[in-house]
Amino acid sequence: MMSSMIKLTAMLLAGQAVSAATIPSGAVSSSLTPRAAQVCYSGETAVLTCYTAPDNTPQGVTVADVSYVAAYLRSYGKQTKAGRMFTMNAADTPECAEWTLYTRNTVTALAKHISPPGVNSSVLFEDIANTIDGGASATDKQKQAALIGCLTDGGSLGVAYNTTNPAYSTAAYKAAGYVPDGILIKIVNSAGA
Ligand SMILES: *[C@@H]1O[C@H](CO)[C@@H](O)[C@H](O)[C@H]1NC(C)=O
Ligand SMILES: *[C@@H]1O[C@H](CO)[C@@H](O)[C@H](O)[C@H]1NC(C)=O
């Protein structure tokens, strides 16, 4: 489970200068490699699933760490005016690969590409952050609908993207054939990631 069987492309190692397809730089070294190949169609969907017993394995994460990871990714995403995007190209994500987005103490946030074969998905880091914590100033209801609503159990949820953000309708986004669907965020215990 801990091994990273596939080394990712040089693209990922290029760091902060790369506009698209960038993982937060200066994060953790594990952010530069995908996790071991995962079960591709294991029934994971975009619907919020908390890893709650007895059906799932509670991750024993700390809610403060979940908050921290979301805040970090939001801040990283907002470092450019248009908003940084996280891209999962089909060619780089065989077998529904999972990539580490960021790790903070007990928490690792993963992104899993669950789109149909051949589809390239790209979303704002800000929307990934919102998927995790419900928004920068989320109401209790918004938190409950986000991954942080799973509290210490962790869970998975498809990125809820902001359809009105112009980032999703730029000529460059369309020309690249990106879609905002197909990226699942998972909050797991960093010890097992
Ligand atoms: C969605 O994007 C629009 C345009 O950038 C912005 O005004 C709005 O606040 C965003 N909504 C959320 C929930 O982030
Ligand atoms: C996905 O991206 C690859 C390049 O990484 C490109 O060759 C391919 O045409 C793209 N697919 C779509 C559906 O746009």
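Quick notes on this one:
- For segment 99-122, a residue qualifies if it is farther than 19 Å from A191 by Cβ and over 13 Å from the mean Cα position of the chain (by Cα), and the qualifying residues are S115, P116, P117, G118, V119, N120.
- Candidates I183, I132 - the one that is of a type in the set (A, V, I, L, M) and within 17 Å of A64 (Cβ to Cβ): I132
- Any hit, segment 150-169, residues being within 16 Å of ligand 2 (Cβ to nearest atom), closer than 14 Å to R84 by Cβ and polar (S, T, N, Q): no
- Among all residues of segment 121-137, there is none that is closer than 23 Å to P54 by Cα, among the small types (G, A, S) and surrounded by fewer than 17 Cβ atoms within 10 Å (Cβ to Cβ).
- Scanning segment 50-107 for residues that are more than 24 Å from D153 (Cβ to Cβ) and polar (S, T, N, Q) returns S75, Q79, T80, T87, N89, T93.
- Checked against (1) out of contact with any His (no Cβ under 7 Å at 6 or more places or on another chain); (2) within 16 Å of ligand 2 (Cβ to nearest atom), A129 passes all but a single condition, namely (2).
- Output for segment 64-98, where each listed residue is within 16 Å of ligand 2 (Cβ to nearest atom) and under 12 Å from the mean Cα position of the chain (by Cα): M85, F86, T87, M88, A97
- Annotation for segment 123-145: at least one member residue is more than 15 Å from ligand 1 (Cβ to nearest atom), modelled with pLDDT of 90 or more, not polar (S, T, N, Q) and not in a strand (DSSP E or B).
- Selection status of T108, surrounded by fewer than 23 Cβ atoms within 10 Å (Cβ to Cβ) and among the β-branched types (V, I, T): no
- Top-ranked residue of segment 146-171 - restricted to ones that are of a type in the set (A, V, I, L, M) and not in a helix (DSSP H, G or I), ranked as nearest to ligand 1 (Cβ to nearest atom): A160
The values are calculated or read from the model by the stated rules, or taken from the named source; none is laboratory data. Bear in mind that the values here come from a model prediction, so they are computed numbers and not experimental data. Please note: Cβ atoms are built from the backbone with ideal geometry, for glycine as well, and neighbour counts cover all protein chains shown.
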